[in-house]
1. Given the DSSP H assignment, sum -39500 (n - 2.57) over each helix run of at least 4 residues in the chain and divide by its residue total; what's the result at 222 nm in deg cm²/dmol, nearest 500?
2. Hey, can you grab everything whose amide H is under 5 Å from the amide H of GLY5? Only 5+ residues off in sequence or another chain; H modelled, so Pro and N-termini drop out.
3. Expressed as a whole number of Å, what is the distance separating the alpha-carbon centroids of the range 148-180 and the range 13-74?
4. Please identify the GluC sites (Glu not before Pro) of the range 1-93 that satisfy two criteria: DSSP loop assignment and at most 15 other Cβ atoms within 10 Å. Which are they?
5. Starting at the first residue of the range 156-163, write each ³J(HN,Hα) from the Karplus equation 6.51 cos²θ - 1.76 cosθ + 1.60 with θ = phi - 60°, in whole Hz, x for Gly and Pro.
6. If Lys and Arg each add +1 and Asp and Glu each add -1, what is the summed charge of the other residues whose beta carbon sits under 12 Å from the beta carbon of VAL93?
7. Normalised by the number of residues in the chain, what is the relative contact order in percent for Cα pairs under 8 Å and 6+ residues apart?
8. Give me a comma-separated list of calculated 3J(HN,Hα) values for the range 59-65, in order, Karplus coefficients 6.51, -1.76, 1.60 applied at θ = phi - 60°, integers in Hz, x for any Gly or Pro.
Amino acid sequence: MSKVGKLPVALPAGVTLNVANGVISVKGPKGELNQPYFENDIEVKVEGTEIVLTTKNDTKQANAYHGLYRSLVANMVKGVSEGFSKTLIITGVGYRAEVKGKELVMNLGYSSDYIAIIPEGLTVVATPDGKLTISGIDKQLVGEFSSQIRKLRKPEPYKGKGIRYDNEVIRRKVGKTGVK
């Protein structure tokens, strides 16, 4: 039995879980998320205010799915009740970003601006001081879009220019003039 999988998931007020035809649906105040699952290996039940996942057989694959789907269901419940958010900080002279409709337009020191289409279900807020807040109900979508934006101009260790996460620490290097 999976260590993670045997932990129950708390079901907050206003959030409903529906399991039918191999699909887990979670509906809450912020929206609805669906996740297909292997109903031959995993059983999902609601017991009072908790969601309990159990394995139907004792195979290595079923135990792996047990922990995986418990984490996925917990993220879905948190997403539809609270939501997820990541903050990126843009550092550099002339580096800036602004949201125009469903597009994120960024000037990152290249010869032309970079335009990123904001995926459906995400909201992006750009402030003039260089902070970019990406939020939504799907944890995987928020993380993937944040990662793609960060990849455009990774932070460099000498001046610290680039796009970094809010809680990320960049180890700075001294450079050629500091070695004597």
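Each reported figure results from applying straightforward, stated rules to the coordinates on display, with no laboratory input. None of the values given here were measured: they were computed from a predicted structure. Here Cβ is always computed from backbone atoms with ideal geometry, including for glycine, and neighbour counts include all displayed protein chains.
1. Computed ellipticity for the chain at 222 nm equals -7000 deg cm²/dmol.
2. GLY67
3. With the range 13-74 and the range 148-180 each reduced to a Cα centre, they are spaced 41 Å.
4. Answer by residue number: GLU39, GLU82.
5. 9, x, 8, 10, x, 6, x, 10
6. Net local charge, VAL93 excluded: +3.
7. 18 percent
8. After applying 6.51 cos²θ - 1.76 cosθ + 1.60, I find 9, 4, 5, 5, 5, 5, 5 Hz.
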